[in-house]
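S.K.: Starting off with a structure, shown below.
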Amino acid sequence: MTAKIISGTEIAKQIREELKQEIAELKEKHNLVPGLATVLVGEDPASQVYVGQKEKTSIALGIYSERHDLPAEITQQELLALIDRLNKDPKIHGILVQLPLPKHLNETEVLYAIDPKKDVDGFHPVNVGKLMIGEPDYLPCTPHGIQQLLIRSGVKIEGAEVVVLGRSNIVGKPIANILLQKKPGANATVTVCHTGTRDISFHTRRADILIVAAGKPKAVTADMVKEGVVVIDVGVNRVGKTAEGKDILVGDVDFDTVKEKASAITPVPGGVGPMTITMLMLNTVKAAKLAAGLA
Ligand code: GUN
């Protein structure tokens, strides 16, 4: 079997078209313009690219975008003061603080300081808790994007054996939580594997849907999966530069061999990546509607 390629680029484009229309309608009928503030501390090149993409996509869809680039030496108090201002600013419906933050800053305290109503990343403990009990306002962007990739590719999630590699707060834990909810597009049997798992292959070989967020190139090889598995590769590993000086990106899955056994697989790049940004836009629109009493 050679796998169908699940194109995040294409599916993200569809969702963005839907959002663009919705944003135009909000403006026309309610004079409401969703607003997103991005906060970037320091000069991590990957984070600069991500924040740039978020800003560009916001503008393309008609979202008001405000970018705050802060020096790496900013103090915790200065950063908290900015978040406080953004919390109170009625033009801003969503606040995104790009992670990771420099080591001297307390990331947890920063995430707690964002008003949960403006927490379009879904990282505030209030929103984590709401997801856990099945009453989410905002689903975290990458896991929500993964669920949409599966649904919009026609993959049956209900009753499936889903195996997740990785237990991060950004991907592994929330995707496991989303897919185990008793809801359409979920209701799966979910196993989460991590560095403490005794025999990872034992679990991955049982998977109907394998979601890999391990942070390691070739963490999944063909011998670790069964025929017909659907593979979602969340990995972004920079393994070198092209002759033109561009980063060479690979996922966490050995794509060339695994695609020969899988029924469907996401590529890197062009898989999960474009979905993450798109779901951030969706959350920003939702935040604006909630603030205006329209959701
Ligand atoms: N760093 C890596 N992924 C993310 C994300 O989804 N949101 C934020 N804020 N930072 C990140």
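S.K.: Collect the residues in the range 249-295 that are more than 22 Å from Cys141 (Cα to Cα) and either in a helix (DSSP H, G or I) or at pLDDT below 95 (or both), keeping them in residue-number order.
M.R.: Scanning the range 249-295 gives Phe255, Asp256, Thr257, Val258.
S.K.: Could you check the range 171-219 and list, in sequence order, the residues that are basic (Lys, Arg), out of contact with any strand residue (DSSP E or B) (no Cβ under 6 Å at 6 or more places or on another chain) and under 14 Å from Gly159 (Cβ atoms)?
M.R.: Scanning the range 171-219 gives Lys182, Lys183.
S.K.: To continue, here is another question. Only one of (1) touching a helix residue (DSSP H, G or I) at 6+ places or on another chain (Cβ under 9 Å); (2) within 19 Å of Ser263 (Cα to Cα); (3) not in a strand (DSSP E or B) fails for Gly228. Which number is that?
M.R.: Answer for Gly228: the failing condition is (1).
S.K.: If I go through the range 45-62 residue by residue, how many of them are surrounded by 14 or more Cβ atoms within 10 Å (Cβ to Cβ) and within 19 Å of the chain's Cα centre (by Cα)? Spell out the reasoning first.
M.R.: Let us first name the residues in the range 45-62 that are surrounded by 14 or more Cβ atoms within 10 Å (Cβ to Cβ), namely 47-48, 50-51, 53-55, 57-58, 61-62.
Going one step further and asking which of them are within 19 Å of the chain's Cα centre (by Cα), we end up with 47-48, 50-51, 53-55, 57-58, 61.
Residues that pass the stated criteria total 10.
S.K.: Would you check if Leu26 is in a helix (DSSP H, G or I), within 16 Å of the ligand (Cβ to nearest atom) and more than 21 Å from Gly273 (Cα to Cα)?
M.R.: Numbers: in a helix (DSSP H, G or I): yes; within 16 Å of the ligand (Cβ to nearest atom): no; more than 21 Å from Gly273 (Cα to Cα): yes.
Spelling it out, it is not the case that Leu26 is in a helix (DSSP H, G or I), within 16 Å of the ligand (Cβ to nearest atom) and more than 21 Å from Gly273 (Cα to Cα).
S.K.: Please verify whether the range 2-15 includes one or more residues that are away from the ligand (no atom under 16 Å from the Cβ), at positive phi and among the polar types (S, T, N, Q).
M.R.: Looking for residues that are away from the ligand (no atom under 16 Å from the Cβ), at positive phi and among the polar types (S, T, N, Q), one finds none in the range 2-15, hence no.
S.K.: Is it true that Asn177 is over 18 Å from the mean Cα position of the chain (by Cα), more than 19 Å from Val231 (Cβ to Cβ) and either in a strand (DSSP E or B) or in contact (Cβ under 8 Å) with a residue 24 or more places away in the chain (or both)? Spell out the reasoning first.
M.R.: Values: over 18 Å from the mean Cα position of the chain (by Cα): no; more than 19 Å from Val231 (Cβ to Cβ): yes; either in a strand (DSSP E or B) or in contact (Cβ under 8 Å) with a residue 24 or more places away in the chain (or both): yes.
For Asn177, the condition - over 18 Å from the mean Cα position of the chain (by Cα), more than 19 Å from Val231 (Cβ to Cβ) and either in a strand (DSSP E or B) or in contact (Cβ under 8 Å) with a residue 24 or more places away in the chain (or both) - is not met.
S.K.: Continuing with this model, one more query. For the range 71-154, list the helices (runs of 4 or more DSSP H) that sit wholly inside it and hold at least 3 residues that are surrounded by fewer than 17 Cβ atoms within 10 Å (Cβ to Cβ) and away from the ligand (no atom under 13 Å from the Cβ); which are they?
M.R.: Numbers: elements: 76-88, 107-113, 125-132, 141-152.
Hits in the range 71-154: 76-88, 107-113, 125-132.
S.K.: Also, I was wondering about something else. Quick check on the range 265-292: of everything there that is closer than 19 Å to Tyr64 by Cα and surrounded by fewer than 19 Cβ atoms within 10 Å (Cβ to Cβ), which residue is farthest from the ligand (Cβ to nearest atom)? Before you say what the answer is, go through the steps one by one.
M.R.: The first filter runs over the range 265-292 and keeps only residues closer than 19 Å to Tyr64 by Cα, leaving 276-292.
Next, only the ones that are surrounded by fewer than 19 Cβ atoms within 10 Å (Cβ to Cβ) stay: 289-292.
Working: Lys289: 21, Leu290: 19, Ala291: 20, Ala292: 24 Å.
Filtering first and then ranking leaves Ala292.
S.K.: Within 27 Å of Glu135 (Cα to Cα) and either crowded, with 18+ Cβ neighbours inside 10 Å or over 22 Å from the mean Cα position of the chain (by Cα) (or both): which single residue out of Ala214, Ala262, Ala188, Ala219 fits that description? Lay out the reasoning, then the answer.
M.R.: Values: Ala214 fails: within 27 Å of Glu135 (Cα to Cα); Ala262 fails: within 27 Å of Glu135 (Cα to Cα); Ala219 fails: within 27 Å of Glu135 (Cα to Cα).
Result: Ala188 is the single residue among Ala214, Ala262, Ala188, Ala219 that is within 27 Å of Glu135 (Cα to Cα) and either crowded, with 18+ Cβ neighbours inside 10 Å or over 22 Å from the mean Cα position of the chain (by Cα) (or both).
S.K.: A further question follows. Taking into account only those residues within the range 219-239 that are modelled with pLDDT of 95 or more and charged (D, E, K, R), which is farthest from Ala186 (Cα to Cα)?
M.R.: Applying the filter and picking the extreme gives Asp223.
S.K.: Output the residue which, of all residues in the range 155-174 that are away from the ligand (no atom under 12 Å from the Cβ) and in a helix (DSSP H, G or I), is nearest to Ala213 (Cα to Cα).
M.R.: Gly172
S.K.: Filter the range 51-68 down to the residues that are farther than 16 Å from Leu19 by Cα and touching an Asp or Glu at 6+ places or on another chain (Cβ under 9 Å) and list them by number. Spell out the reasoning first.
M.R.: Filtering the range 51-68 for residues farther than 16 Å from Leu19 by Cα gives 51-53, 66-68.
Passing the criteria: Val51, Glu66, Arg67.
S.K.: A follow-up question, please. I'm checking my understanding of the structure. Among residues of the range 191-202 that are of a type in the set (A, V, I, L, M, F, W, C) and part of a strand (DSSP E or B), which one is nearest to the chain's Cα centre (by Cα)?
M.R.: Initially, the range 191-202 is screened for residues of a type in the set (A, V, I, L, M, F, W, C), giving 192-193, 200, 202.
Next, only the ones that are part of a strand (DSSP E or B) stay: 192-193.
Numbers: Val192: 18, Cys193: 19 Å.
It comes out as Val192.
The values are calculated or read from the model by the stated rules, or taken from the named source; none is laboratory data. Remember, it's a predicted structure, so these values are computed and weren't measured experimentally. All Cβ positions, glycine included, derive from the backbone under ideal geometry; neighbour counts span all protein chains shown.
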